[in-house]
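Undergrad: Quick one: the structure is below, questions incoming.
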Amino acid sequence: MSTNHLDFELPIIELEKKIEELRRFTSNSRMDLCREVEALEKKAERLKREIFTNLAPRQRVQLARHPQRPHTLDYINLIMDGFYELHGDRMFSDDRAIVGGLCKFNDETVLVIGHQKGSNIQENIERNFGMPHPEGYRKALRLMRLAEKFNFPVITLIDTPGAYPGIGAEERGQAEAIARNLMEMSTLKTSLISLVIGEGGSGGALGIGVADRTLMLENAIYSVISPEGCAAILWRDKRKAGEAADALCLTAQDIIKLRIIDEVVPEPLGGAHKNHEQVATLVAESLKRNLSELKSFSIKEIVRRRFEKHRHIGEFLELREEAISVRGTEDGDEK
Amino acid sequence: MIWPRKQVERTNGLGMRCNDCGEFILGKKLEKMLKVCPKCNYHFRLGARERISLLLKDGTFEECDSQMTSHDPLNFQGLELYRDKIVEEQKKTGLTEAVITGEGYLDNHPIVIAVTDSRFMMGSMGSVVGEKITRAAERAIEKRLPLLTISGSGGGARMQEGMLSLMQMAKTSSVIAKLNKEKLLFISILTDPTMGGVAASFASLGDIIIAEPRALIGFAGPRVIKETIHRELPQGFQRAEFLFKRGLIDMIVSRGELKKVLSELLDKF
């Protein structure tokens, strides 16, 4: 399906080509090579498993940004019913880099919001590469208020390189729009689940990412800054993005250790782009389970726990009377 | 996180040259002018302690959480180790971290104050800055006092602490929501520079937002924007006056007037 191969996938691709050739040869001749094909297939499977269970952070970055990876509207189409997109922030315009609307999920009405990237250059231009302007964040907040009014759960799907750095974005208060969302989402009186499906780019991601449950797909990334941006500042060389990716702790596997996310949702072998239906099913399962777990709490309790969860993120030292105590996420358990 | 923008302190024993108009100002004169250029009204950057002594009544400031430091939770390795960088910055600035918090009196008003210092790792927000700001807001709630923050942060969220830094944006914004629920006043003062993750969290959430003249304020750094749009930026882009015109801040107040303005505002609450 995919036409964009990543460098570390090449050994697998080569093996798959060989298998294909062998198959063609078998069907055109009388020689039975079924066993050889089977053996090679097993080898390819083993190789795939080996490569994909030992991915370096920089390789996950490539997977997270893969153009054929399912995006927000793909998930909506695959696992949600009767989606109606709602448009505009009622102030300035409709930001196409963020989509939001009402749908049925697991037999209940849910408000879904997500960054929308394109799968090709034309779509990406239309969607501004999934980089929102302030009006995108303001639309998201307007829709979340609607969800709060009717007690609909909110699901946000995160997939953005970051909030757009442009003149108009600054003129209309990009910083304010994100800050307001962080504040308002922290006390929103309905349940919030956030899932990073691809790229979680800094404040632009967090702007719709304050939630009761934060989930990440296996090959998604979530970072305070892009590896390229970090490399340009700390190494003064954008080509050091690989080193920066390793240093930033931006993979789901690293972030769950910091207790910033709650769950890593598995992807099909080879990455989400290899099988949209399968990854969507896994996502649906996880969302359903988390939604039903949140149902056991009152709204008041949900909001209280959301505050406590964020309140305890951070790691630092406090020196007191010469005694050093390490404080931070380890004593972040809810009281 | 945005591009660092170094401010060169052009100084000799006698005085300093204005970064903007190039005027040479004698040290004594500069002190008297509160580090504002007498010719062009350029506001030199100030350290957190200077800002506190400028606003609070002598001897009333009580610092809190002064012994809190970063401990390199990611074991972050750039060209240099983060833990070495922290020690280096501590030596350079005499500060333990990029924010000073505490309580004191502005005229006869007791307040809780938090001031970030752009000299310490560009005033960027990691776990310590986020925690100290949050505790300051909690102290304001506990004592029913107004909260005043003064931001000087070109660094935004500190990249050396990765996602822990990003989440400080959510943490500080959450506690401001609590402050609002308690109906307590929050005044945010933006100084040169206030960018990235600090601008996109607590600093933009003041009931009243005041900026110093010509302060650079925004989400993305000008260099990143320029590289993205491949175009020259308009004159005065992302400066306090630019934000004021677009309705993003309440007022621009000169350094010399700030204490009086704040005091008269606090009188109204």
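Undergrad: Return the long-range amide H neighbours of B:Ile25 (sequence gap of 5 or more, or a different chain), with a cut-off of under 5 Å between placed amide H atoms.
TA: B:Met16, B:Arg17, B:Cys18
Undergrad: Sticking with this one: Provide the three semi-axes, in whole Å and in decreasing order, of the ellipsoid equivalent to region A:47-197 as defined by the square roots of 5 times the Cα gyration tensor eigenvalues.
TA: For region A:47-197, the ellipsoid semi-axes come out as 26, 21, 15 Å.
Undergrad: For chain B, compute the orientation-averaged projected area of the C-alpha convex hull (one quarter of its surface), in nm².
TA: So the mean shadow area of the Cα hull is 14.7 nm².
Undergrad: Follow-up. Taking Cα atoms of region B:6-133, Rg/Rh with Kirkwood Rh, to two decimals?
TA: With Rh from the inverse mean 1/r over Cα pairs, Rg/Rh is 1.02.
Undergrad: Apply the Karplus parameterisation 6.51 cos²θ - 1.76 cosθ + 1.60, with θ equal to phi minus 60°, to every residue of region B:226-241 and state each ³J(HN,Hα) to the nearest whole Hz, in sequence, with x for glycine and proline.
TA: So the J values, rounded to whole Hz, are 4, 5, 6, 9, 6, 8, 5, 8, x, 4, x, 4, 6, 8, 3, 5.
Undergrad: Follow-up. Please report, in whole Å, how far the alpha carbons of region B:184-225 spread along each principal axis, starting with the longest.
TA: Computed over the Cα atoms, the extents are 37, 21, 9 Å.
Undergrad: Next up: Using the Kirkwood formula over every pair of different C-alpha atoms, what hydrodynamic radius in Å results for region B:67-225?
TA: In region B:67-225 this quantity evaluates to 15.7 Å.
Undergrad: Give me the 1.4 Å probe accessible area per residue for chain A, excluding ligands and nucleic acids, in Å².
TA: Accessible area per residue, chain A: 44 Å².
Undergrad: May I pose another question? If you roll a 1.4 angstrom probe over the protein chains with everything in place, what fraction of the accessible area of region A:7-54 belongs to carbon and sulfur, to the nearest %?
TA: Using a 1.4 Å probe with all protein chains present, region A:7-54 comes out at 51 percent carbon and sulfur.
Undergrad: Rounding to the nearest 20 debye, state how big the charge dipole of chain A is about its Cα centre with +1 on each Lys and Arg Cβ and -1 on each Asp and Glu Cβ. Intermediate values should be presented prior to the final figure.
TA: Numbers: 48 positive and 53 negative charges, 62 e Å.
Using Cβ point charges on Lys, Arg, Asp and Glu, chain A gives about 300 debye.
Undergrad: Another question, if that's okay. When the gyration tensor of the protein assembly as shown is built from Cα positions, what are the square roots of 5 times its three eigenvalues, in whole Å, from largest to smallest?
TA: Listed largest to smallest, the semi-axes of the protein assembly as shown are 46, 26, 23 Å.
Undergrad: Can I ask one more? Straight-line reach from A:Lys48: which lysines fall under 23 Å, measuring Cα to Cα and dropping same-chain residues less than 8 apart?
TA: A:Lys17, A:Lys18, A:Lys274
Undergrad: Separate question: Could you give the alpha-carbon Rg of region B:146-237 over 2.2 N^0.38 Å, rounded to two decimals?
TA: Dividing the Cα radius of gyration by 2.2 N^0.38 Å gives 1.18.
Undergrad: How big is the A-B contact in terms of buried accessible area, both chains counted, 1.4 Å probe, rounded to the nearest 100 Å²?
TA: That pair of chains buries around 5000 Å² in total.
Undergrad: Rounded to the nearest 20 debye, what is the charge dipole size of chain B about its Cα centre when +1 sits on each Lys and Arg Cβ and -1 on each Asp and Glu Cβ?
TA: It works out to roughly 620 debye.
Undergrad: Quick one: divide the alpha-carbon radius of gyration of region A:7-54 by 2.2 N^0.38 Å and tell me what you get. If you can, show how the numbers build up before the last one.
TA: Working: Rg = 12.1 Å, N = 48, 2.2 N^0.38 = 9.6 Å.
In units of the globular-protein estimate, region A:7-54 measures up at 1.26.
Undergrad: May I pose another question? Net charge near A:Ala177, counting Lys/Arg +1 and Asp/Glu -1 over other residues with Cβ under 12 Å of its Cβ? It would help to have the intermediate numbers written out before the result.
TA: Values: positive: A:Arg138, A:Lys139, A:Arg142, A:Arg172, A:Arg180; negative: A:Asp89, A:Asp95, A:Glu135, A:Glu170, A:Glu171, A:Glu176, A:Glu184.
Summing Lys/Arg as +1 and Asp/Glu as -1 gives -2.
Undergrad: May I pose another question? Taking springs between alpha-carbon atoms closer than 10 angstrom, which of A:Glu293, A:Glu21, A:Glu228 fluctuates most in the Gaussian network model of chain A?
TA: A:Glu21
Undergrad: Mean separation of Cα pairs under 8 Å and 6+ residues apart, divided by the residue count of chain A: what relative contact order is that in percent?
TA: Once normalised by length, the contact order is 14 percent.
Undergrad: Taking the alpha-carbon set of region A:61-296, what are its Rg and Dmax in Å?
TA: Reported Rg and Dmax, both Å: 16.6, 52.
Undergrad: First obtain the Kirkwood hydrodynamic radius of region A:209-286 from its Cα pairs, then insert it into the Stokes-Einstein equation at 25 °C and 0.890 mPa s, and state the resulting D in µm² per second as a whole number. Please report the intermediate quantities before stating the final value.
TA: Details: Rh = 13.8 Å.
In µm²/s, the coefficient rounds to 178.
Undergrad: Can you give me the distance in nm between label points at A:Glu20 and A:His5, each placed 7 Å from the Cα along the Cα-to-Cβ direction?
TA: Label-label distance for A:Glu20 and A:His5, simple model: 0.8 nm.
Undergrad: Classify region A:164-266: rounded, prolate or oblate, from the alpha-carbon gyration tensor (a ≥ b ≥ c, eigenvalue square roots; a/c under 1.5 rounded; otherwise prolate if a/b is larger than b/c)?
TA: oblate
Undergrad: Count the lysine pairs in region B:45-266 that are 8 or more places apart or on different chains: how many have C-alpha atoms under 13 angstrom apart?
TA: For region B:45-266, the number of qualifying lysine pairs is 4.
Undergrad: Mind telling me which of B:Ile210, B:Ile176, B:Ile225 comes out most flexible in a GNM of chain B, alpha-carbon contacts under 10 Å?
TA: Its mean-square fluctuation being the largest, the pick is B:Ile225.
Undergrad: Can you bin region A:137-219 into rounded, prolate or oblate? Criterion: square roots of the alpha carbon gyration tensor eigenvalues sorted a ≥ b ≥ c, rounded for a/c under 1.5, prolate for a/b above b/c, oblate for the rest.
TA: It comes out oblate by the Cα gyration axes.
Undergrad: Still on this structure: When the Karplus curve 6.51 cos²θ - 1.76 cosθ + 1.60 is applied with θ = phi - 60°, which whole-Hz ³J(HN,Hα) does each residue of region B:152-160 get, with x for Gly and Pro?
TA: Once rounded to whole Hz, the list reads x, 8, x, x, x, 6, 6, 5, 5.
Undergrad: Given 0.36 nm per residue, what is the gain on full extension from B:Lys92 to B:Phe237 after removing their alpha carbon distance, in nm?
TA: On the way: separation 145, 0.36 × 145 = 52.20 nm, distance 3.13 nm.
Extending this stretch completely gives an extra 49.1 nm.
Undergrad: Per residue, how much space in cubic angstrom lies within the convex hull of the C-alpha atoms of region B:104-149? Intermediate results must be reported in sequence, preceding the final value.
TA: Values: hull volume 3.0 nm³, N = 46.
For region B:104-149, the hull spanned by Cα atoms encloses 65 Å³ per residue.
Undergrad: Testing the spin-label approximation: label points 7 Å from Cα along Cα→Cβ at A:Ser93 and B:Arg83. State their distance in nm.
TA: Reported label-point gap for A:Ser93 and B:Arg83 is 5.0 nm.
Undergrad: Based on alpha-carbon atoms only, what is the radius of gyration of region A:2-104 relative to the globular estimate 2.2 N^0.38 Å?
TA: It is 1.68.
Undergrad: Ignoring ligands, DNA and RNA, what percent of the 1.4 Å accessible area of region B:169-269 is carbon and sulfur?
TA: Accessible surface attributable to carbon and sulfur in region B:169-269 totals 51 percent.
Undergrad: When we measure straight from the Cα of A:Lys189, which aspartates and glutamates land under 14 angstrom away, once same-chain ones fewer than 8 places off are left out?
TA: Correct list for A:Lys189: A:Glu148, A:Asp212, A:Glu301.
Undergrad: Let me have the relative contact order for chain B, percent, based on Cα pairs under 8 Å that are six or more residues apart.
TA: 16
Undergrad: I'd like the antiparallel share, as a percent to the nearest 5, of DSSP beta bridges with both residues in chain A.
TA: Close to 45 percent.
Undergrad: Can you tell me the 0 to 90 degree angle between the C-alpha axis of helix A:174-186 and the longest principal axis of chain A, rounded to 10?
TA: With rounding to tens, the tilt is 80 degrees.
Undergrad: Please give the residues of region A:216-239, grouped as numeric ranges, whose backbone N is less than 20 Å from a label point set 7 Å along the Cα-to-Cβ vector of A:Arg289.
TA: Answer for region A:216-239: A:216-221.
Undergrad: Which residue fluctuates the most in chain A, going by a Gaussian network model with Cα springs under 10 Å, if the choices are A:Leu282, A:Leu192, A:Leu141?
TA: Result: A:Leu282 has the largest fluctuation of those listed.
Undergrad: Continuing with this model, one more query. Using the alpha carbon gyration tensor of region B:87-127, what are the three equivalent-ellipsoid semi-axes (square root of 5 times each eigenvalue), largest first, in whole Å?
TA: Working: eigenvalues 121, 21, 12 Å².
In descending order, the three semi-axes are 25, 10, 8 Å.
Undergrad: Can you send over the carbon and sulfur percentage of the accessible area for region A:145-248, probe radius 1.4 Å, protein chains only?
TA: Details: 1240 of 2530 Å².
Of the solvent-accessible surface of region A:145-248, carbon and sulfur hold 49 percent.
The values are calculated or read from the model by the stated rules, or taken from the named source; none is laboratory data. Because the structure is predicted, anything quoted here is derived from the model rather than measured. All Cβ positions, even for glycine, are placed from backbone atoms using ideal geometry, and neighbour counts span all protein chains on display. The area values use the complete protein model at the heavy-atom level, side chains included, leaving out ligands, DNA and RNA. Shrake-Rupley method; radii C 1.70, N 1.55, O 1.52, S 1.80 Å.
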